[in-house]
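Structure first, commentary second.
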Number of protein chains: 2
Amino acid sequence: MKKKQSIQHSIHDLARRLHLSPATISRVLNNHPHVHKETRNKVMAMVEKVGYRRNAMASGLRSNKTNTVGLIVPRISMFFHAEVITTIQNELHAYGYQLIICQSNDSVEVEKELTRTLHASRVAAVIVSCTLFTTDFSHFDVLTENNIPVIFYDRVPAKPYPACIIKGDDFRGGYLATSYLLEQSCRRIAHISGPLTCSVYVDRFAGYRQAMQEYGLSVADKRVFFHELTAENARKTMKELFSRKPYPDAVFAANDVSALEALHFAKEMGLRVPGELKIVGYSNDPRSAIVTPSMTTIEQFPTNTGKVIVTELVKILKGDHSKGSAAVADYPTIVTAVELIKRKSV
Amino acid sequence: MKKKQSIQHSIHDLARRLHLSPATISRVLNNHPHVHKETRNKVMAMVEKVGYRRNAMASGLRSNKTNTVGLIVPRISMFFHAEVITTIQNELHAYGYQLIICQSNDSVEVEKELTRTLHASRVAAVIVSCTLFTTDFSHFDVLTENNIPVIFYDRVPAKPYPACIIKGDDFRGGYLATSYLLEQSCRRIAHISGPLTCSVYVDRFAGYRQAMQEYGLSVADKRVFFHELTAENARKTMKELFSRKPYPDAVFAANDVSALEALHFAKEMGLRVPGELKIVGYSNDPRSAIVTPSMTTIEQFPTNTGKVIVTELVKILKGDHSKGSAAVADYPTIVTAVELIKRKSV
DNA sequence: AAATTCTTCGCAACCGTTTGCGTAAATAAA
DNA sequence: TTTATTTACGCAAACGGTTGCGAAGAATTT
């Protein structure tokens with residue numbers, strides 16, 4: 001063990017060692033012009049030597065800027081979000097930003113508390129995918145009021161909100177899934193939807209209805225279910241659906257967890273899939289590819305979503321989002337593409 | 001839109017409004033004693049009214065303490081880590097701490113850079129699960145030298161390091177998996193291992209060998225493979241294994257991704273599983289439960305791991321980890337239990 | 001009533017960086 | 001050589017909280 005000193009070096013230390021002022025050190029570190037080349041080299045050498053690292057808190061306090069971005073998602077264990085986050089983090093890191101990742105666990109209360117905390121740490125921006133139940137977005141006002149830009153993605157506000165919005169084409173996803181089932185001669189298509197407090201399920205449901213209408217089919221209420229999309233709930237719904245005839249000939253589930261559970265249930269019941277029941281899921285969860293039969297689903301391209309988010313974010317952060325106080329109309333809404341992945345469950 | 005002022009309130013603002021000094025406001029916010037009850041109430045009321053939130057940077061700068069904890073993991077999309085992180089975050093949040101989650105992407109360089117960044121933001125502690133290839137741990141010295149406690153989990157240093165270590169019982173996991181296969185009369189058990197630069201694979205491999213030895217079997221080098229545990233690599237290994245007879249009668253893979261790919265390969269080859277080939281994985285990835293046949297695997301209880309981590313962390317953070325400069329021996333090493341989950345692939 | 005203790009609060013320094021302003025030295029222009 | 005301009009750097013005041021010290025007033029003791 002070397003007897004290294006346990007010293008947090010400051011620019012004052014460096015200044016003393018080099019017979020310079022802290023101001024000069026700071027200017028070197030911030031690439032200010034008007035500092036002698038030789039001085040700059042000496043400073044950089046010393047920085048290397050003692051392993052100096054700028055104190056982010058002091059820097060942030062003084063300059064009123066940080067290079068940390070906050071992120072709030074329902075849960076990181078959801079495949080889609082995990083992928084998006086990974087992309088965001090890697091891309092942002094290249095721009096010199098850090099990411100504070102927070103989970104709301106689909107609790108509005110936690111989401112509120114997290115926005116307060118992120119505000120307290122004066123993050124440079126906040127990226128949000130809302131809880132299932134967020135219908136009032138006023139708790140994000142504390143951010144926008146303080147010029148902290150907000151980007152919503154995936155689960156976004158239904159009403160206009162002064163923030164950039166990036167969402168998948170859920171309407172199209174619902175439409176593609178349902179149309180495909182209709183093309184395969186299904187006519188009694190059940191839909192397992194999430195709660196309609198959440199934008200994505202509203203749109204997927206709308207896509208489902210549109211497709212049904214185009215085939216002149218009415219949406220039978222008794223074949224559409226709204227609840228949190230857990231395996232347990234999906235099982236209950238399947239039991240309900242198969243408690244009386246006529247059985248549905250297809251299920252379009254708004255996420256893969258439900259679709260997988262539907263498949264599980266069908267297999268237990270001895271139903272042939274896709275023979276007697278066809279199933280389509282949503283999100284292209286890795287599990288959907290490896291079940292038997294493999295699951296037809298909607299791909300959301302999470303990596304692409306992450307890249308779009310970072311692109312917009314960097315635009316906002318570099319561009320001086322100063323007092324501009326732009327109108328709601330000035331914030332872009334970007335819709336990213338989705339794609340039907342045809343597998344064996346249809 | 002209300003014309004709310006875009007003002008970052010400071011304790012000076014509050015002080016002015018209440019005809020008090022900033023010091024008093026600060027004492028109220030920090031629950032210092034010796035402040036009049038009435039005054040306290042007035043301050044708290046004003047805090048509520050204007051929506052004041054303490055500036056974490058200013059606070060951290062002055063008090064030289066932060067309530068953010070850094071976390072470095074290879075990738076959050078790994079099921080085990082996602083679960084651990086979720087638990088850590090939820091538990092820590094209850095203690096008033098935030099979590100900065102970072103991914104090294106299994107790159108040692110990124111891991112180094114991330115520790116530097118976390119040091120720069122003067123986090124209260126750092127939790128690390130190393131990359132596959134981290135054998136030199138000196139880049140963490142910058143943390144320990146500056147009294148930032150470090151907790152390693154899962155993938156931990158092989159050599160003594162002055163930090164708390166929390167690891168699963170990988171030796172036992174390897175032993176349980178292999179013994180179980182041996183009990184089922186398997187004798188040609190292949191092992192797909194990760195690189196031995198990583199502690200967990202060393203131990204799982206050791207458990208495998210121990211079990212084999214107890215059955216008087218030598219470990220045939222040609223049945224043991226070391227590489228990153230991706231699906232692609234597992235496929236190559238399976239091809240190799242089944243390129244010549246005698247075929248192995250079982251595969252113990254050190255993670256579920258490899259086990260699942262092994263199963264996939266076996267099915268493609270028309271091998272009956274578990275009839276002709278038995279497979280055991282590791283981690284109890286959600287996918288392992290839903291494949292056909294379902295996968296026997298080792299449960300690591302990630303939620304428990306997360307809780308243990310937080311318990312230790314809080315102990316460290318509350319206890320003044322001051323100049324103590326404890327010897328390596330003073331840091332605990334905790335080994336958490338694992339369990340064999342018997343399913344249909346054996 | 002005087003002396004002592006306790007309660008409540010303000011003063012001011014400090015945490016480590018940043019940055020406008022000022023100034024001395026060096027260079028260019030007159 | 002004198003004057004104007006540029007370059008290189010230091011001074012000192014912020015940024016928003018925290019905290020030791022001290023002081024005024026209230027409560028208690030003698």
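Enumerate the pairs (first residue in the stretch A:286-297 and facing chain B (nearest Cβ under 7 Å); second residue anywhere and of a type in the set (A, V, I, L, M, F, W, C) and part of a loop (DSSP other than H, G, I, E, B)) with beta-carbon separation below 9 Å, excluding pairs fewer than 6 apart on the same chain, so at least 6 apart or on different chains.
Close Cβ pairs satisfying both conditions: A:Arg287/A:Met295; A:Arg287/B:Val291; A:Ile290/B:Val291; A:Val291/B:Val291; A:Thr292/B:Val291.
Consider only pairs whose beta carbons are under 6 Å apart and that are at least six residues apart or on different chains; among these, list those whose first residue lies in the stretch A:193-206 and is under 7 Å from A:Leu132 (Cβ atoms) and whose second residue is among the hydroxyl-bearing types (Ser, Thr, Tyr).
A:Gly194/A:Tyr201; A:Thr197/A:Thr135
If we scan the stretch A:115-134, do we find a residue that is over 17 Å from the mean Cα position of the chain (by Cα) and closer than 23 Å to A:Thr333 by Cβ? Write out each step before concluding.
If we filter the stretch A:115-134 for residues that are over 17 Å from the mean Cα position of the chain (by Cα), which is where we start, we get A:116-117, A:119-124.
Now drop any that are not closer than 23 Å to A:Thr333 by Cβ, which leaves A:123-124.
Yes, because at least one residue in the stretch A:115-134 is over 17 Å from the mean Cα position of the chain (by Cα) and closer than 23 Å to A:Thr333 by Cβ.
Please state which of the following conditions B:Lys159 fails to meet, knowing it meets all the rest: (1) surrounded by fewer than 21 Cβ atoms within 10 Å (Cβ to Cβ); (2) among the basic types (Lys, Arg); (3) away from chain A (no Cβ under 14 Å).
(3)
If the requirement is being within 13 Å of DNA strand C (Cβ to nearest atom), within 28 Å of A:His139 (Cα to Cα) and out of contact with any strand residue (DSSP E or B) (no Cβ under 7 Å at 6 or more places or on another chain), which of these qualifies: B:Lys65, B:Lys37?
Among B:Lys65, B:Lys37, only B:Lys65 is within 13 Å of DNA strand C (Cβ to nearest atom), within 28 Å of A:His139 (Cα to Cα) and out of contact with any strand residue (DSSP E or B) (no Cβ under 7 Å at 6 or more places or on another chain).
Just wondering, is there one or more residues in the stretch B:127-140 that are under 13 Å from B:Val73 (Cα atoms), more than 13 Å from chain A (Cβ to nearest Cβ) and not in a loop (DSSP other than H, G, I, E, B)?
Yes.
How many of the residues making up the stretch A:148-165 are closer than 18 Å to A:Leu71 by Cβ and assigned to a loop (DSSP other than H, G, I, E, B)?
Residues flagged as closer than 18 Å to A:Leu71 by Cβ and assigned to a loop (DSSP other than H, G, I, E, B) within the stretch A:148-165 amount to 8.
Would you point out the residue of the stretch A:176-190, among those that are touching a Lys or Arg at 6+ places or on another chain (Cβ under 9 Å) and crowded, with 18+ Cβ neighbours inside 10 Å, that is nearest to A:Thr333 (Cα to Cα)?
That would be A:Ala177.
Considering (1) crowded, with 18+ Cβ neighbours inside 10 Å; (2) away from chain A (no Cβ under 14 Å); (3) more than 13 Å from DNA strand D (Cβ to nearest atom); (4) not small (Gly, Ala, Ser), say which one B:His19 fails and leave the rest.
Of the numbered conditions (1) crowded, with 18+ Cβ neighbours inside 10 Å; (2) away from chain A (no Cβ under 14 Å); (3) more than 13 Å from DNA strand D (Cβ to nearest atom); (4) not small (Gly, Ala, Ser), the odd one out for B:His19 is (1).
Could you identify the single residue in B:Ile127, B:Ile100 that is within 15 Å of B:Asp154 (Cα to Cα), of a type in the set (Val, Ile, Thr) and more than 16 Å from DNA strand C (Cβ to nearest atom)? Can you show your working first?
Values: B:Ile100 fails: within 15 Å of B:Asp154 (Cα to Cα).
Exactly one residue qualifies, and that residue is B:Ile127.
Looking at the stretch A:97-141, which of the residues that are among the small types (Gly, Ala, Ser) and surrounded by 21 or more Cβ atoms within 10 Å (Cβ to Cβ) is farthest from B:Thr68 (Cα to Cα)?
A:Ser129
Could you tell me whether any residue of the stretch B:77-87 is of a type in the set (A, V, I, L, M, F, W, C), within 9 Å of DNA strand D (Cβ to nearest atom), touching a residue at least 12 places away in the same chain (Cβ under 8 Å) and surrounded by 15 or more Cβ atoms within 10 Å (Cβ to Cβ)? Walk me through how you get there before you give the answer.
We begin by selecting, within the stretch B:77-87, every residue of a type in the set (A, V, I, L, M, F, W, C); these are B:78-80, B:82, B:84-85.
Retained after the next criterion (residues that are within 9 Å of DNA strand D (Cβ to nearest atom)): none.
Taking every residue of the stretch B:77-87 in turn, none turns out to be of a type in the set (A, V, I, L, M, F, W, C), within 9 Å of DNA strand D (Cβ to nearest atom), touching a residue at least 12 places away in the same chain (Cβ under 8 Å) and surrounded by 15 or more Cβ atoms within 10 Å (Cβ to Cβ).
Cβ contacts < 8 Å: first residue at the interface with chain B (Cβ under 7 Å from one of its Cβ atoms), restricted to the stretch A:41-60; second residue basic (Lys, Arg) and surrounded by fewer than 20 Cβ atoms within 10 Å (Cβ to Cβ), any location; separation 6+ or different chain. Result?
From residues that are at the interface with chain B (Cβ under 7 Å from one of its Cβ atoms), the pairs are A:Arg53/B:Arg116.
FYI, it's all coordinate maths here, none of it is from the lab. Remember, predicted model here, so these are calculated numbers, not experimental data. Positions of Cβ are generated from backbone atoms using ideal geometry, with glycine treated the same way; all protein chains shown enter the neighbour counts.
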